[in-house]
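To start, the structure itself, in structure tokens.
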Amino acid sequence: MNGFVKVAAASPVTEVANCTENIRRIEALIRKAEMHGVQIIVFPELSITGYTCMDLFVQDALLTKAKDALLRLVENTGDLNLLCAAGMPLATGNRLFNTAVVFRKGRILGVVPKIFIPNYKEFQEMRWFSSGSKLPSDTIRIGNEEYPFGTDLLFSARNSDAVVGIEICEDLWTPAPPSSRLSLQGANIILNLSASNEIIGKNQYLKSLIAQQSARCIAGYVYASSGFGESSTDLVFTGKGFIAENGSILSEAERFNLDDKLAINDINISYLQHDRHINTSFTPYLQNEYSTATRRISFDIAPYSGKFDRHIDPHPFIPSGDGALNERCEEIFNIQTFGLVKRLKHINTKYAVAGISGGLDSTLALMVTIRAFDLLNIPRKNILGVTMPGFGTTSRTYHNAVSLIRSLGVSFREIPIKESCIQHFKDIGHDSKTTDITYENAQARERTQILMDLANKTNGIVIGTGDLSELALGWATYNGDHMSMYGVNVSIPKTLVRYLVKWTAGNETDEETKKTLLDIADTPISPELLPANDDDAIRQKTEDIIGPYELHDFFLYHFIRFGASPEKIRFLAGQAFAKKYDESVIAKWLQTFLRRFFSQQFKRSCLPDGPKVGSISLSPRCDWRMPSDASAHLWLNESE
């Protein structure tokens, strides 16, 4: 469904060497997973026997019983559609291997042996198992049949883009994990069957290791380890389970739990494939030692069913949690600042001009400029903050602009634009009572002309204030607020601008400035180009005209970052905003987003310089190149 595959990491309670009991619990978890719509499930390393059997692994009775139990498990689950991977010991060619057996719908598809066999500290696997790096045969007999056997196996869905690769426990911890090779060969979901005992600090390290490997492989990573019931003679096993995707942990099983455990989530295969397509560093390694041929085993993945388990963040540009948000805001602010510092030093100027409206964008731009000047030990008085009240300026925004400029210690200049605009209307023969686009844009261009001329007069530069969301929607006057000499907000979306302003209030200012900043953050977003209401309230609210910025930023993120289709964006937005917007509202504003995005590319094609901050930029010199006259027909039709 929409490019998602539902996966599960399972950790059953284990009874060491009791294969009958172990497959009973495994089967129960498989059936439970299917009820939840799971399509691919992985169990721990040696889950059919238990990982801690030690010298019992070389007992014929255990090995024979394990094979019998496996065949019974495969037969018992013949009515189920899941692709399953369970661990067990298998002997062939006078050697014993620690293996993952992959089966579905009553049929074994293939067997993958562990490559890296640990033999240090608490691990003694070389005492029993051989490495799968060199095998006596590319098939293995289980019961009366031969099955594909090897580390080169990939399990490829006929009816999906899902391609599954397998590694086992220690394989992940090595300098060159097998999953790296498998991913380069096409695997986009890696299953890891693990045991992984518990010691202080190991869980956090393992979590970071899984996240990093999923990022390096641009893949989904499903990790299941041994849980309660394994022998605690010397070690403790707690049933760790992780589901990761391209650097992010999607699900984590609860540790120190006495029950069977099942972590379920949805891997976004289409997004993984998108990132592989655009990452030109991903495939060149296929020409070297990673080019070993693989054997692909086809299977039919079960149709997607059940509820959607994945959380879709409605605000993808904003990190969750106060600690993460604070750290991210600090980093963003520093990137913006250092970009401006470099530009100031390069052109050898100690002066800057910024138009301050009392709105979010100009406020953030001013705060960035102040920090840049402070870093360069340039007096703040060399920053000229200009307020230019016009027809739509309200007392709230005006007083906030003036208060902000004065409290921060920058130079202040007030230049009203009403009279000059009225004269301009006369010059071009426009009725000043007609509040159309000419009326609005003339004000924006008048303000830009003032700023540019003041910059020339002081030998400084105009600091651009426009943000990423406005660029996406073309919500800027061409050669008006669209233009500057360096745009510090150029890759900051509107939803994040508000958080950054609030962050500066708590981290960069005194109490007087803080009060002003917080009021600015709570002010409705408006260009204030139309006359205010009779009660001096803002008449022209941007989000009433073009739609909620939180929706547009969501659309922008998925459209640019992952190349998502309108159909998929609608689905994801429906999940993310289910409690706030109905489907018709989402569809309406998605149409607006697409129509404006395609029609306004000409403004983005001639953007001033500005620093890329996050994963998305619309600069024609950076992430986004698009014909100004490209047709939106295909996207608009699909978004209806």
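The values are calculated or read from the model by the stated rules, or taken from the named source; none is laboratory data. None of these values were measured; they are calculated from a predicted model. FYI the Cβ positions are ideal-geometry reconstructions off the backbone, even for glycines, and counts take in every protein chain you see. Areas reflect the complete protein model, heavy atoms only, side chains present, ligands, DNA and RNA absent. Shrake-Rupley method; radii C 1.70, N 1.55, O 1.52, S 1.80 Å.
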Problem set entry | Selection count, region 387-407, where residues are touching a residue at least 60 places away in the same chain (Cβ under 8 Å) and not in a helix (DSSP H, G or I) | 6
For this session: Considering (1) in a loop (DSSP other than H, G, I, E, B); (2) under 30 Å from the mean Cα position of the chain (by Cα), say which one E167 fails and leave the rest.
Result: (1)
For this session: Search region 230-258 for residues being farther than 25 Å from R310 by Cα and assigned to a loop (DSSP other than H, G, I, E, B), and hand back the single one that is most open to solvent (accessible area, probe 1.4 Å).
Result: D234
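Considering only residues that are crowded, with 19+ Cβ neighbours inside 10 Å and in a helix (DSSP H, G or I), look in region 342-363 and name the one that is farthest from the chain's Cα centre (by Cα).
L344
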Exercise. Of (1) over 20 Å from S526 (Cα atoms); (2) open to solvent by 20 Å² or more (accessible area, probe 1.4 Å); (3) not in a loop (DSSP other than H, G, I, E, B), D431 satisfies all except one. Which?
Worked result: (3)
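Looking at K568, K603, K579, K612, can you tell me which residue is open to solvent by less than 20 Å² (accessible area, probe 1.4 Å) and among the basic types (K, R)?
Only one candidate qualifies: K568.
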Exercise. If you take the residues of region 410-428 that are in a loop (DSSP other than H, G, I, E, B) and under 30 Å from N377 (Cβ atoms), which of them is nearest to the chain's Cα centre (by Cα)?
Worked result: V410
For this session: Give the residue that is farthest from S160 (Cα to Cα), with candidates limited to residues of region 4-28 that are surrounded by fewer than 24 Cβ atoms within 10 Å (Cβ to Cβ) and touching a strand residue (DSSP E or B) at 6+ places or on another chain (Cβ under 6 Å).
Result: V13
Exercise. Looking at D259, D300, D275, which one is farther than 20 Å from M1 by Cα and of a type in the set (D, E)?
Worked result: D259
Problem set entry | Exclusive hit being open to solvent by 10 Å² or more (accessible area, probe 1.4 Å), within 18 Å of S281 (Cβ to Cβ) and not small (G, A, S), set Q185, Q204 | Q185
Exercise. Residue check: is H399 farther than 24 Å from T509 by Cβ and touching a helix residue (DSSP H, G or I) at 6+ places or on another chain (Cβ under 9 Å)?
Worked result: no
Exercise. Just checking, which of G132, G110 is open to solvent by less than 30 Å² (accessible area, probe 1.4 Å), out of contact with any helix residue (DSSP H, G or I) (no Cβ under 8 Å at 6 or more places or on another chain) and over 30 Å from V236 (Cβ atoms)?
Worked result: G110
For this session: Select from region 68-81 the residues that are surrounded by 19 or more Cβ atoms within 10 Å (Cβ to Cβ) and out of contact with any helix residue (DSSP H, G or I) (no Cβ under 6 Å at 6 or more places or on another chain) and list them in ascending order.
Result: L70, V74
For this session: Evaluate the following for C84: is it open to solvent by less than 10 Å² (accessible area, probe 1.4 Å) and not in a strand (DSSP E or B)?
Result: no
For this session: Give the number of residues within region 87-107 that are open to solvent by 20 Å² or more (accessible area, probe 1.4 Å) and of a type in the set (S, T, Y).
Result: 1
For this session: Consider only pairs whose beta carbons are under 7 Å apart and that are at least six residues apart or on different chains; among these, list those whose first residue lies in region 174-190 and is charged (D, E, K, R) and whose second residue is open to solvent by 10 Å² or more (accessible area, probe 1.4 Å).
Result: R181/Y290; R181/T292
Exercise. Can you tell me how many residues in region 544-559 are open to solvent by 10 Å² or more (accessible area, probe 1.4 Å) and in a helix (DSSP H, G or I)?
Worked result: 6
Problem set entry | So R158, is it among the charged types (D, E, K, R), closer than 21 Å to N246 by Cβ, open to solvent by 30 Å² or more (accessible area, probe 1.4 Å) and in contact with a Ser or Thr (Cβ under 7 Å, 6 or more places away or on another chain) | no
Problem set entry | Selected residue (criterion: farthest from F559 (Cα to Cα)) from residues of region 583-595 that are open to solvent by 60 Å² or more (accessible area, probe 1.4 Å) and more than 24 Å from the chain's Cα centre (by Cα) | S584
Seminar exercise, completed: Listed by first then second residue, the pairs whose first member lies in region 566-585 and is under 19 Å from G3 (Cβ atoms), whose partner is polar (S, T, N, Q), with beta carbons under 7 Å and at least 6 positions apart or on separate chains, are P566/S639; K568/N2; R570/S639; F571/N2
Exercise. Filtering region 459-494 down to residues that are in a loop (DSSP other than H, G, I, E, B) and of a type in the set (A, V, I, L, M), which residue is nearest to T363 (Cα to Cα)?
Worked result: V488
Exercise. Does any residue of region 223-245 turn out to be under 25 Å from L56 (Cβ atoms) and in contact with a Cys (Cβ under 6 Å, 6 or more places away or on another chain)?
Worked result: no
Exercise. Which members of region 449-497 meet the condition of being farther than 19 Å from S599 by Cα, of a type in the set (S, T, Y) and open to solvent by less than 20 Å² (accessible area, probe 1.4 Å)?
Worked result: S484, Y486, S491
Problem set entry | Selected residue [surrounded by 14 or more Cβ atoms within 10 Å (Cβ to Cβ), assigned to a helix (DSSP H, G or I) and within 26 Å of the chain's Cα centre (by Cα)] from R310, R328 | R328
